[in-house]
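Enquirer: Structure in structure tokens, see below.
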Amino acid sequence: MSSPVLLYNKLGEFTILSRWGAILKNFSYPLASDWTTDEIITVTAFYRQVEDAYELSQGVLVEALLSAYSAFKIVVPSKSQEKQLGKQFEQLTGYSWYRTLKAAHETAKKSVKMTIGG
């Protein structure tokens, strides 16, 4: 069985298709209009780590999540902008990066697996 296909455009809009072409998920990530392509890639890499912590059965490696967050903080150094983006991200996806990062910092395991509401 093949994996779903992720279609992405520079505006931060995503469509996830099944191998048969059915739309599984369609959403837009919160992005700033003044970010460069490299900054968008950096920010969306962090967003994907958070999503994977919820969606993948094995979760994500703590090291990879924290590394993606460190890169994200270079693009978004402002705490207020981070909070605003985090709130928008959670409204769009239902996933909290605050809870995900908290779990990553508190675990002694190599990976972190999240559930909605937990």
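Enquirer: Please go through the stretch 1-51 and give me each residue that is loosely packed, with under 11 Cβ neighbours inside 10 Å, of a type in the set (D, E, K, R) and either at pLDDT below 85 or assigned to a helix (DSSP H, G or I) (or both), ordered by number.
Expert: Selection gives K10, R19, D38.
Enquirer: Only residues that are out of contact with any helix residue (DSSP H, G or I) (no Cβ under 7 Å at 6 or more places or on another chain) and under 11 Å from L66 (Cβ atoms): list them for the stretch 99-118, please.
Expert: H105
Enquirer: Which members of the stretch 58-93 meet the condition of being open to solvent by 80 Å² or more (accessible area, probe 1.4 Å) and part of a helix (DSSP H, G or I)?
Expert: Selection gives E63, I74, K79, S80, K83, Q84, K87, Q91, L92.
Enquirer: Do we find that Y54 is out of contact with any Leu (no Cβ under 9 Å at 6 or more places or on another chain) and either open to solvent by 20 Å² or more (accessible area, probe 1.4 Å) or among the hydroxyl-bearing types (S, T, Y) (or both) in this structure?
Expert: It is true that Y54 is out of contact with any Leu (no Cβ under 9 Å at 6 or more places or on another chain) and either open to solvent by 20 Å² or more (accessible area, probe 1.4 Å) or among the hydroxyl-bearing types (S, T, Y) (or both).
The values are calculated or read from the model by the stated rules, or taken from the named source; none is laboratory data. Everything quoted here is computed from the prediction, not taken from an experiment. As a convention, Cβ positions derive from the backbone with ideal geometry for all residues, glycine included, and neighbour counts pool all protein chains shown. Each accessible area value is taken on the protein alone, full model and side chains, heavy atoms only, with ligands, DNA and RNA left out. Shrake-Rupley method; radii C 1.70, N 1.55, O 1.52, S 1.80 Å.
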